[in-house]
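Contents: one structure, followed by commentary.
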Amino acid sequence: MKSLGSIRRSFAPWADPASKPFISFRNVTKKFGDFVAVDDLSLNIYTREFFALLGASGCGKSTLLRMLAGFEQPTSGEIILDGQNLAGIPPYRRPVNMMFQSYALFPHMTVETNVAFGLKQDGMPKPEIAARVEQMLKLVKLEKFAKRKPHQLSGGQRQRVALARSLAKRPKVLLLDEPLGALDKKLREETQFELMDLQQELGLTFVVVTHDQEEAMTMADRIAVMAHGKVVQVATPAEIYEAPNSRFVADFIGDVNIFDGTVSANADGRVQIETASGFPIRVVAPDGPAAGAKAGFAVRPEKIKVSRDAPPSANAVRGEIWDIGYLGDMTVFHVRLPDGKVVKASSLNAVRAVEDPIGYDQEVWISFAEDAGVVLKD
C-alpha cells in the first residue's frame, strides 16, 4: 500500500472547481416539533474523502448523519448521493452503512455470524458469504477470533467486529457515529490511524461524527465544525486550527488565548490592537478590521514564548507564573498579567533536564511573533 502521507497531501478535490461532490446536503432542515436540529444546512463531501462532523452535544451532527443513513427524513431540503436524490429511499436500499457507538453486536452470535448477518439478509450465496467474511476478518485482523462471541472480546476487538460487519456489504459510504467513544485513550489513538489506513486501502468515503477535536483533527481530510444546527466552518484540520473564521471556532478547537481590544491602526497589511490587558498587539492581518473597530486576537499556547528577560518582540508583556503543568512532552505555564488575565503558554521539553527552570511566582515575559495568531472580527 502507498504511503498514506503522500496521498493525503495531494488529495483536495474540494479545491478543484471541476470536481463534483459525491454527497450534497442542499438547504437541509430537520425539525422535531418546534426544535430545529438542523437549520438550512448546505454541505458537500467528495469521493474517497474522510470527512468529520465535529461539534458539541446537540449541535445536529448525529441528526445529519441519521438523515444520510435514512433513519430520519429532512423536514425540507435535499440530500444527493452519487447523483441520486435520497428522498423516499429506505435505509436498507441506500449504498451506505452505519457503525454505531454501541457497536450493536448480537450477543448470541459468533464474530463470523455477526459479520455475515447483513449478507445473509441480502440472500448472498453461502460460499460467497464465507469468502467475504474471511476477507473482512482478515482486514480487521480478527481471523483467530471468528468463533468467539462478543462477551469474549475486548472493547477494541468488538469495535473491529462492528467495523467488519459495516464494511461487509461494501457500501459506497461508511457512516461512523462516535465510533471510538467506548475505547480507552491509548487504544483510541491507535485505532484512529488504523481507520485512516483502512479507509485509504478500501477507497471508500467515510463520514464520522465526533465531539472529540483530537480525533477529528487526526483522521479527517476536512472538518465541518457545527453549532446550533449550522456549519460554522468547513476546512482542513490545519486551516481550522491555524485560521479559525470566528471566535467560536478558535475557542472550540484546541487551547487558545484571546486578547480583546480596539484597532488603533491598519496599514501595510498589519493591524495594531490596543488590548484590555494594557499592551498593544501588532500583527499581520491583510484583511483586518479598520481603525476604531472592536476586535479580538487569538493565539495558541505553543506560539507564546515565556522568558525571564524582556524580549525584542513588540508583542510582549510582563506577567507572573501562576501555575505550571508538566505533561512529559511539554510544560504548560499559566501566566497572570497585571490586569488579572491568565494566559496559557506551552513549551516543548526537547531536552531531558533544564538548568534553573522557571518556577512558581516568578516574574516573566510572554511574547509572540506578528504572524503567530489570527485577528477575530466577531
Discussion item. Output wanted: per-residue J couplings in Hz (rounded whole) for region 208-216, from phi through Karplus 6.51 cos²θ - 1.76 cosθ + 1.60, θ = phi - 60°, x for Gly and Pro.
Written reply: 10, 9, 7, 9, 8, 4, 5, 4, 5
Worksheet item: How much FRET efficiency would the formula 1/(1 + (r/R0)^6) give for ASP34 and ARG282, where r is the Cβ-Cβ distance and R0 is 45 Å, rounded to 0.05?
Response: 0.40
Discussion item. Between TYR92 and HIS108, what is 0.36 nm times their sequence separation minus the Cα-Cα distance? Round to one decimal in nm.
Written reply: 3.4 nm
Practice prompt. Quick one: give the max-minus-min coordinate of the C-alpha atoms of region 247-325 along each principal axis, largest first, in Å.
Written response: 38, 31, 19
Worksheet item: Can you run phi through the Karplus equation (6.51, -1.76, 1.60; θ = phi - 60°) for region 326-336 and list ³J(HN,Hα) in whole Hz, with x for Gly and Pro?
Response: 9, 10, x, 6, 8, 10, 10, 10, 9, 10, 8
Practice prompt. Mind checking region 90-180 for trypsin sites (Lys or Arg not before Pro) that DSSP puts in a loop (not H, G, I, E or B) and that have at most 14 other Cβ atoms within 10 Å?
Written response: LYS141, LYS147
Worksheet item: What nm distance separates the two modelled labels at TRP322 and ALA293, each placed 7 Å from Cα along Cα→Cβ?
Response: 2.9 nm
Worksheet, complete the sentence: Between the modelled labels at SER264 and ALA131 (7 Å from Cα along Cα→Cβ) the distance in nm is 7.5 nm
Discussion item. Expected output is a single nm value to one decimal: the length gained when fully extending between LYS185 and ASP309, i.e. 0.36 nm times separation in residues minus the C-alpha distance. What is it?
Written reply: 40.7 nm
Worksheet entry | VAL208 long-range amide H proximity, modeled H, under 5 Å | PHE51, ALA52, LEU53, LEU176
Practice prompt. Check cross-link reach from LYS20 to the lysines: straight Cα distance under 17 Å, and skip same-chain residues fewer than eight apart.
Written response: LYS172
Worksheet item: Quick one: if you stick a label point 7 Å off each Cα along the C-beta vector at ASP329 and ASN85, how many nm between them?
Response: 4.9 nm
Worksheet item: Given a Förster radius of 22 Å and the C-beta distance between SER154 and HIS211 as r, what FRET efficiency does 1/(1 + (r/R0)^6) yield to the nearest 0.05?
Response: 0.40
Discussion item. Restricting to bridges with both residues inside the chain, how much of the DSSP beta-bridge set is antiparallel, in percent to the nearest 5?
Written reply: 75 percent
Practice prompt. For region 265-348, state which trypsin sites (Lys or Arg not before Pro) are in a DSSP loop and have at most 13 other beta carbons lying within 10 Å of their beta carbon.
Written response: ARG308
Discussion item. Please list 3J(HN,Hα) in residue order for region 115-124, calculated via the Karplus relation 6.51 cos²θ - 1.76 cosθ + 1.60 where θ = phi - 60°; whole Hz, with x for glycine and proline.
Written reply: 5, 7, 3, x, 5, 5, 4, 7, x, 5
Discussion item. With the alpha-carbon atoms as the only input, what is the per residue convex hull volume for the chain in Å³?
Written reply: 192 Å³
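No lab work stands behind these numbers, since they all come straight from the coordinates. No experiment lies behind these values; they were computed from the predicted model shown. Cβ sites come from the backbone with ideal geometry, for glycine too, and all protein chains shown count toward neighbours.
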